[in-house]
Amino acid sequence: MALSEHSISTTRLLADRQASGPGGSLYGHLLREVRQAGLLERRAGHYVGRIVATAVLLAAGWMVFVLLGDSWWQMAVAVFLAFVFTQLGFIGHEAGHQQITAGRRANDVLGLLHADLAIGLSYGWWVDKHNRHHAHPNQEGKDPDIESGALAFTATDADSWGPVARALYRYQAYFFFPLLLLEALNLHLASVRAVFTGRIARCRRWETALLAAHFAGYLAVVFLVLPPVKAVAFILVQQGLFGLYLGCSFAPNHKGMAILSADDHSDFLRRQVLTSRNVRGGWLVDYLLGGLNYQIEHHLFPSMPRPNLRRAQPIVREFCAEHGLPYCETGLFASYAQALRHLDAVGRAGRSTPPT
């Protein structure tokens with residue numbers, strides 16, 4: 001049931017290639033320092049505890065849902081399950097980066113269970129998309145996370161669509177958080193589309209079966225326990241907040257950071273550091289953001305287990321200072337402000353272009 005070779009983190013392959021050549025010598029030094037500190041070693045005990053604890057939260061949430069029955073208090077359960085679904089997504093993310101175990105098959109099984117079965121997202125589709133993002137973060141034409149769609153991340157994208165889309169992009173900073181309420185729906189639809197159009201070469205049957213099991217089980221439980229109006233309200237709240245939480249966890253990482261041109265040839269180290277932003281905070285921020293607040297370290301060492309990212313941070317920060325590399329770190333709300341300012345700047349640039 002293991003995924004094909006494309007599920008190997010593209011960033012890891014690129015990093016190893018650059019570390020062995022003259023252009024990657026700086027990264028090679030940093031990689032050796034981090035490896036000597038033991039920060040790339042697996043943390044099996046940590047992940048056993050995290051996976052069990054999150055599974056218990058998921059089971060508890062659905063148990064309370066069933067026991068509570070026909071009640072508007074179910075909206076509180078919806079909020080709780082939105083939180084748990086996102087935590088499950090973080091574990092699926094780490095499985096996709098091969099962080100949890102040394103064996104690829106075990107990581108892929110964990111990814112399929114946490115993504116497809118537990119929260120209804122295609123693991124294979126996401127791994128492919130996310131690896132392309134890691135290989136070319138914030139690079140025009142190569143990073144799928146900045147492709148224009150509901151939002152435009154460059155003025156070129158904002159001007160490349162029709163007048164209606166351009167008019168919406170002008171005010172996209174105001175729509176950003178409301179649009180995140182639809183992110184879970186967007187991911188579900190993209191997952192189903194990827195499975196049924198054959199974009200997933202391996203594990204397609206498993207993903208089809210697990211996604212079908214998730215949606216059938218989710219809808220059956222909700223509509224068997226709740227009358228139609230409350231059931232629809234529960235789904236809207238749970239899925240809306242799930243998407244919002246996911247989006248708020250990923251948005252601080254790159255939005256508002258440098259956008260690289262399509263022909264940029266920066267080396268691996270500079271590319272990852274220039275386009276990534278860390279978020280300050282203690283253990284609570286680490287937990288709420290799934291370790292993604294250490295985005296610079298995560299992009300430099302995508303297979304590094306989550307609990308090691310905090311320990312790697314001072315090493316990476318000092319290394320960047322020694323070699324004159326910018327190291328962006330800010331507070332959580334400041335990171336959102338920077339992302340919104342970027343979206344507004346792109347919208348204003350589009351606004352200044354006369355309509356055709």
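Things to note:
- For the stretch 110-136, filtering for residues that are of a type outside the set (Asp, Glu) and either crowded, with 24+ Cβ neighbours inside 10 Å or closer than 11 Å to Leu210 by Cβ (or both) leaves 14.
- Screening Phe175 with (1) free of Cβ contacts under 8 Å to residues at least 40 places away in the same chain; (2) under 23 Å from Thr54 (Cβ atoms) gives one miss only, at (2).
- Search result, residues across the stretch 195-249 that are in contact with an Asp or Glu (Cβ under 9 Å, 6 or more places away or on another chain), among the aliphatic types (A, V, I, L, M) and not in a helix (DSSP H, G or I): Ile200, Leu226
- Checked against (1) of a type in the set (Gly, Ala, Ser); (2) at pLDDT below 95; (3) over 21 Å from His342 (Cα atoms), Gly256 meets all criteria but (3).
- Here is the figure for the stretch 4-41: residues that are buried (at least 17 other Cβ atoms within 10 Å of the Cβ), at pLDDT 50 or above and among the charged types (D, E, K, R) total 0.
- Flag if Ala78 is assigned to a helix (DSSP H, G or I), of a type in the set (A, V, I, L, M, F, W, C), surrounded by 21 or more Cβ atoms within 10 Å (Cβ to Cβ) and under 17 Å from the mean Cα position of the chain (by Cα): no
- Of the residues making up the stretch 259-284, just one is assigned to a loop (DSSP other than H, G, I, E, B), buried (at least 19 other Cβ atoms within 10 Å of the Cβ) and among the hydrophobic types (A, V, I, L, M, F, W, C), namely Ile259.
- Look at the stretch 180-200: where a residue is under 13 Å from Val127 (Cβ atoms) and a partner is of a type in the set (A, V, I, L, M, F, W, C) and not in a helix (DSSP H, G or I), sitting 6+ places away or on another chain with Cβ atoms under 8 Å, you get Ser191/Leu121; Ala194/Ile200.
- Taken across the stretch 287-306, residues that are touching a Cys at 6+ places or on another chain (Cβ under 8 Å) and modelled with pLDDT of 95 or more do occur, with at least one present.
The values are calculated or read from the model by the stated rules, or taken from the named source; none is laboratory data. Computed from a prediction, not measured in an experiment: that's the story for all the values here. FYI the Cβ positions are ideal-geometry reconstructions off the backbone, even for glycines, and counts take in every protein chain you see.
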